[in-house]
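Working notes, beginning with the structure itself.
Please treat every number below as a calculation from the coordinates, not as lab data. Computed from a predicted structure; not experimentally measured. In this analysis, Cβ positions are derived from the backbone assuming ideal geometry, glycine residues included, and neighbour counts consider all displayed protein chains.
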Amino acid sequence: MDVAVVGEGAAIVVPVHGIQGTRSVWMPVARELQKEAMFILPNLRGRGQAARGLSAEDYGLGAFADDLSDAIDSEVRGRPYWLAGWSMGVSVALEYLSRSAMRPPEGVILVSGTAAIREVRWFRAEDEESLLREIAAREQCLELKEAADHDAVAWTWQAIRSTDQRAILERLDLPALILHGSQDTDCPSSCADSLAQQIHGAQRQMFIDAGHTLPVTHADLVAKAIRRFVDH
């Protein structure tokens, strides 16, 4: 595993990164809340120093949920915690929450994500060479300080692009906070609407004129929303 811990506060938050990012996407938020929370930040496989897979079969949502489960078991050690996900991390969090044997969090924070990846098009290319070019271009567009291996991203997209997790949402029985940018072109605001409508009691907060990378571009506002959610 490749896990970092930031902060020394009482609340424990386990955030999950997206398809092209690493845990670094959550670092600005973790630093904003370091006196109030402890962030346990895993890198999923194919990112940072985490294990590498050999094909698309190693990069499905179930495999990522296994990575997340290992990090929670190892680092949380039975204590209360809050689960967060950004972009694809929302899908990984939902996959984890769908498992009956997992230890449930106190609540879940879903940032810039969707329960139906099949309805978004992060990449359009079908052949490998064109897909790798798209991956490199999107990496630059998102202005990621650290990024996943390009082959890991390609295999991940092949594994998850047809997934639909909406059936999970109505079964969720825990506090949920949905944060989304109104100008998000990777996961349009309708994705947030769908999450809010299908998760009973979910809170939704839209960031006007914000795009997809909220934990980086709006770290202070995301931290403020998480602080208020966790304190309640």
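On the stretch given as the stretch 55-90, residues that are part of a loop (DSSP other than H, G, I, E, B), more than 21 Å from residue 178 (Cα to Cα) and in contact (Cβ under 8 Å) with a residue 40 or more places away in the chain total 4. Tallying residues that are crowded, with 24+ Cβ neighbours inside 10 Å, small (Gly, Ala, Ser) and touching a Lys or Arg at 6+ places or on another chain (Cβ under 8 Å) within the stretch 3-26 yields 1.
Can you work out which of the residues in the stretch 200-232 that are in a loop (DSSP other than H, G, I, E, B) and aliphatic (A, V, I, L, M) is nearest to residue 137 (Cα to Cα)?
The qualifying residue nearest to residue 137 (Cα to Cα) is 210.
Can you pull out every residue in the stretch 137-175 that is in a helix (DSSP H, G or I), over 18 Å from residue 18 (Cα atoms) and without any contact (Cβ under 8 Å) to a residue 60 or more places away in the chain? Passing the criteria: 166, 167. For the stretch 15-43, residues that are touching a residue at least 60 places away in the same chain (Cβ under 8 Å) and touching a helix residue (DSSP H, G or I) at 6+ places or on another chain (Cβ under 6 Å) total 12. Restricting 197, 183 to residues that are among the polar types (S, T, N, Q), out of contact with any Phe, Trp or Tyr (no Cβ under 7 Å at 6 or more places or on another chain) and part of a loop (DSSP other than H, G, I, E, B) narrows the list to 183.
Residues that are within 14 Å of residue 87 (Cβ to Cβ) and among the hydrophobic types (A, V, I, L, M, F, W, C) were ranked within the stretch 136-150; the one that is surrounded by the most Cβ atoms within 10 Å (Cβ to Cβ) is 148.
The single residue among 216, 230, 222 that is surrounded by 16 or more Cβ atoms within 10 Å (Cβ to Cβ), more than 17 Å from the chain's Cα centre (by Cα) and of a type in the set (A, V, I, L, M, F, W, C) turns out to be 230. Inside the stretch 122-136, can you point out the residues that are assigned to a helix (DSSP H, G or I) and either closer than 23 Å to residue 163 by Cβ or touching a Lys or Arg at 6+ places or on another chain (Cβ under 9 Å) (or both)? Once the filter is applied, which keeps residues that are assigned to a helix (DSSP H, G or I) and either closer than 23 Å to residue 163 by Cβ or touching a Lys or Arg at 6+ places or on another chain (Cβ under 9 Å) (or both), the stretch 122-136 yields 128, 130, 131, 132, 134, 135. Among (1) over 23 Å from residue 157 (Cα atoms); (2) crowded, with 22+ Cβ neighbours inside 10 Å, which single condition is residue 85 missing? The failed condition is (1).
Against the test of being touching a residue at least 24 places away in the same chain (Cβ under 8 Å), surrounded by fewer than 24 Cβ atoms within 10 Å (Cβ to Cβ), of a type in the set (D, E, K, R) and in contact with a helix residue (DSSP H, G or I) (Cβ under 9 Å, 6 or more places away or on another chain), the options 52, 47 yield a single qualifying residue, 52.
For residue 196, the criteria (1) in contact with a Ser or Thr (Cβ under 7 Å, 6 or more places away or on another chain); (2) free of Cβ contacts under 8 Å to residues at least 24 places away in the same chain; (3) within 14 Å of residue 109 (Cβ to Cβ) hold in every case but one, which is (1). When the stretch 91-115 is filtered for residues that are among the small types (Gly, Ala, Ser), buried (at least 16 other Cβ atoms within 10 Å of the Cβ) and either out of contact with any Gly (no Cβ under 9 Å at 6 or more places or on another chain) or not in a loop (DSSP other than H, G, I, E, B) (or both), the ones remaining, listed by number, are 91, 93, 98, 107, 115.
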